[in-house]
Structures are given as structure tokens and as C-alpha cells.
Amino acid sequence: MSLTEILPASVFQLNVEGLVASVMAVEQQPLTGLQTDQNTLSRRSATLSDLKSALSALRSKAQALTQAGTLSPFQVKAVSSSSATVAMATASPSALAAVHTLSVSQLAKLSTVVSQQLTGSATDVVTTEGIGTKSVKITYDGTDPATSGTAVTVNVTLNAGDTNDTILTNLATTINSDSTLGAKISASVVNDTATTARLVLTSKQTGQANKVRVADATGSLLSTIGLNSGIASTGTAGGFLYADTALDAKFTLDGLAMTRSSNSISDVLTGVTINLLGLSASDMTLTVSADKTSMKASVQAFLDAYNKALTFLRERTLVQVSATTSGARSTTVNSVIRGPLAGEMTYRSLVSNLRSDVGSSVSSVQTGNPALLADIGITAASNGTLSISDTTKFDSAIETKLSGLTDLFASTGGVATRLMTRLDGFVNSGGLIDGSLSTATSKAQNINQQITRLQDRLVIREAALRKQLLDLQKALSALSAQRFILQ
């Protein structure tokens, strides 16, 4: 009988893995501490990055309110129309506030020339015209194609047996493929019945100045297909669809009769683009005025950015103490929750500074202009967030004190100007937040290096410890065997 058969397996057996785990749990405590520090720095870096984004957004909205001249959000104009089916309009800040009367008697049209009706499957065109290359000239500015310097010549080859469909399609494709004509004219083949087709040339811009004209250069292909820009199309005959007098827009603005090539008109009122949409039976009005909706939206965007940045700062610098009071003088602190920036006086002070920047009086406004946000209906809640609490007062400021709004926000010491100056030191490249981020990054890198070195040492320590315990196990087993023999 062997020794292993006599001795129970459990005699002098060490729990090697349990012992290793117990020892390593103690020796890994410094690693746990470093990883906790690493997580803290990671959260701090994320907080600082988010803070920079929030403050940068606030600075951007503040800067928008400080723009001068036509870039100022308080110079934005809008145009209201008394008849949206007749005309609508837009205005730039350079537009003058005024009311204009408008009547429209004719809309501008696209110049269109069509061929005569042809049987698509027939071959009468090539039979009449003959095979070979045919050249045609086309203009897109109303000039005579036979003599104009802007005429474009295109060539089409007719082959024996070509159907009328084939010839019309080849001619349309050639016109559309030309870099000059393709930008000015659209050519297509329209099947006006199940068996017939017509070639249609249409200008891409309205008005007589963009009239399409055609002429044969070599051969008589255009004459054969009845594509004639000199006569009006009637029934199945070819020609133009609209006479010269019908191509331009005709309207009366403030009593003055006018014509234009386009239905989008930007050269009759400074800073105003009028879009003609339909005919009018009587005068309608276009009213150019301050765009109150846009102005309010710009201010609201600023307030939203301010509230977001302020709330973020308050939450991240907060120190929240949970305590229980028992008796007259006994208070027990149960817990303390500190925001990731709670220990940073620079950021804690920023909360109060921001509130001061928006809440204090603006001394740089002209006499009579509002000096406080409250003067235009903007007030702060108990947590510091801002809102337009009095819309009547705000709308009145837009109606009567536009220069005052500019003063309040954009003057030398204006609310938006003060905020920009305050925030520059935080969000500019190399500013306070970048400095804090750089420090956090440097510390994180140093901790990462410490963690790597410690992990390497722990791996070596664990291997050595396991070997020591296994060697001890072997020695104990040998002693146990000797003891049994002696007994």
C-alpha cells in the first residue's frame, strides 16, 4: 500500500488560492485608491469640458446680441402680406419700415417653343429632310439666332429609317448636353397623345430677356418639324406659347406701374425681395417692420444659454449637507455631497459674478433707455435663472425702444458685453478652463503611470506568493509522510 493510499487527501492541505486572494486583497488597496483618484479626475475633466461648452454657447449668444449695424439682431426686419396668395416678401436689416400697396396684373412666364404634332413611329421627317448632319441655332436671350453673337449651334445627324421619335429625342438630348444651352434651356419630348409627340424648348428663367428663339443653320430640320419661334402655336401647329408681352411680370407698386423679368423682385425697394405669386383684383399691402418674433427669439436664445450655464455651474459647485437635529443643540451630519467643482473658488465665484453681470444696472446706456433687464420685462427666479416674465413690457420695448435694447445689451457696459468679457478668461484658448483641464490631464497621466507600475509589481508579487505557498505545501506534505512512518 502506498503513502497516498493511506493518507487522506485533506491532510496538511493549504487553501493556496484563498490565502493568495486574502494577501493580494490587502496589497491591492493602494491600487484601488489610485483607481478611485483616476475616476475622480476623469469626472472632473468631463465636467470641465461640459462647462466650457456651456459657457462657450453662452458667450456665442451674448456676442450675437452685441453685433452692430445690419448684423444686430435688433435691426432685423419682417414683411407681412395682406394677401399671401398674391405676394410675399422678405426684408434685410437695411429695409426701411413702411407700408406699400401692390397690385399684380401679370406674372412672369417661361418662354416656351413647341414643334408641330408628329406621329412618333413615322419616318416622314427623315424622308422630307433627308439623311446627314443638320445644324440649328438657338438663342436664350431673345436675340435673333441668325445674327446673334450668343447663338449656340447644335448638330443632329439623321439616319435612314430614323423615326420621328428618334429624331426629336436626339435633338433634345443634344441641346440638353450642351454646356451653355443646358444651363439656359430645357428640351424635352412630350407625348401629347398615345401615338404623337412634340419637341418642347423651355427657358429656365422667366421674362422676355430670357426668350428662346431658334433658326435653321444648315438644312431645314426645324422647319420640317414645325419648331418656329416666330409664330404662335395653335392647335397641333408649332410655335411659341406666350407672346413677348406676356413674358414679363406686370405690377403696380405704390401707384407706379412696373415690369420685371422675374417674379422674384429685389430691385424696387431697398432691402426687400418681393415674390409675386398670383394676380390681384385690387390693391394689397406689404408692411415692412421690425421683426419682433426674431428679436424675441434672439433674446430668448441668450436667456436659455445663460440659464443652462448657470444651472450647470450651481449643480457642479454645490455642497449638500444632510443632517439630523435632535434636541435643542444636537445636530448630526449624516452625509455631505460635494459637486466635482465644489472646492474650486474660481468656479464658485463665477456663479455670483454671472448673476451680478446680468442683474446690475448698465451705466453706459443713453439717458431714457432701459438700464436693467427688469426694465424690459426680464426678471430672475430665486435660483438665478432668467425669463421674460412681462411680455407686454418686452414687446413695448421692441416697439418703442429698439435703440434702448441695443444699449442695454451691446453698449460698452451692456449686459451681453459684460458677460463676454467675463467669459473670455474662462473659454478662450489657454484660459482658466483649459488650464484646469491641462492640470487634470497631467495628474491623470501620472496616476496612469503609477497604476501600471503597481499592477506590474502585483503580478510579480502574486506569482511569488503562490510559489511560496505551494513550496510550503510540499514541505508540509513531506513532514506528514515522515510522521506517519515514524508512528
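The values are calculated or read from the model by the stated rules, or taken from the named source; none is laboratory data. What you see is a predicted model, and the numbers here were worked out from it, not measured in a lab. Reconstructed Cβ throughout: ideal geometry from the backbone, glycine too, with neighbour counts over all protein chains shown.
Taken together, the residues in the stretch 292-320 that are surrounded by 14 or more Cβ atoms within 10 Å (Cβ to Cβ), out of contact with any helix residue (DSSP H, G or I) (no Cβ under 9 Å at 6 or more places or on another chain) and not polar (S, T, N, Q) amount to 1.
Would you check if there is a residue in the stretch 428-437 being in the same structural domain as residue 58 (by TED's automatic domain parsing) and under 21 Å from residue 36 (Cβ atoms)? Within the stretch 428-437 (the criterion being in the same structural domain as residue 58 (by TED's automatic domain parsing) and under 21 Å from residue 36 (Cβ atoms)), the answer is yes, since at least one residue qualifies.
Let's see how each residue does on (1) in contact with a Phe, Trp or Tyr (Cβ under 9 Å, 6 or more places away or on another chain); (2) farther than 30 Å from residue 44 by Cα:
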residue: 351; (1), (2): no, no
residue: 354; (1), (2): yes, no
residue: 359; (1), (2): no, no
residue: 370; (1), (2): no, yes
residue: 388; (1), (2): yes, yes
residue: 397; (1), (2): no, yes
residue: 407; (1), (2): no, yes
residue: 417; (1), (2): yes, no
residue: 420; (1), (2): no, no
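Of the set (1) under 38 Å from the mean Cα position of the chain (by Cα); (2) under 20 Å from residue 146 (Cα atoms); (3) part of a strand (DSSP E or B), all apply to residue 209 but (3). Counted as qualifying within the stretch 372-487 are the helices (runs of 4 or more DSSP H) with 3 or more residues that are in contact with a Ser or Thr (Cβ under 6 Å, 6 or more places away or on another chain), namely 415-427. Hey, any hits in the stretch 431-440 for a residue that's closer than 30 Å to residue 74 by Cα and without any contact (Cβ under 8 Å) to a residue 12 or more places away in the chain? No; the residues of the stretch 431-440 include none that is closer than 30 Å to residue 74 by Cα and without any contact (Cβ under 8 Å) to a residue 12 or more places away in the chain.
Taking the stretch 403-439, which residues are among the charged types (D, E, K, R) and under 27 Å from the mean Cα position of the chain (by Cα)? Explain how you work it out, then say what you get.
Initial filter on the stretch 403-439 (among the charged types (D, E, K, R)): 407, 418, 422, 424, 434.
Scanning the stretch 403-439 gives 424, 434.
Considering the stretch 302-341, the residues that are at pLDDT below 85 and of a type in the set (Gly, Ala, Ser) include one that is nearest to the chain's Cα centre (by Cα), namely 339.
To keep it simple, each residue is scored yes or no on (1) of a type in the set (D, E, K, R); (2) over 19 Å from residue 124 (Cα atoms); (3) in a strand (DSSP E or B).
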site: 170; (1), (2), (3): no, no, no
site: 173; (1), (2), (3): no, yes, no
site: 182; (1), (2), (3): no, yes, no
site: 188; (1), (2), (3): no, yes, yes
site: 194; (1), (2), (3): no, no, no
site: 197; (1), (2), (3): no, no, yes
site: 204; (1), (2), (3): yes, yes, yes
site: 217; (1), (2), (3): no, yes, yes
site: 222; (1), (2), (3): no, no, no
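Residue by residue, here is whether (1) of a type in the set (Val, Ile, Thr); (2) buried (at least 20 other Cβ atoms within 10 Å of the Cβ) holds:
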position	(1), (2)
186	no, no
203	no, yes
211	no, yes
216	no, no
230	no, no
234	yes, no
241	no, no
246	no, no
253	no, no
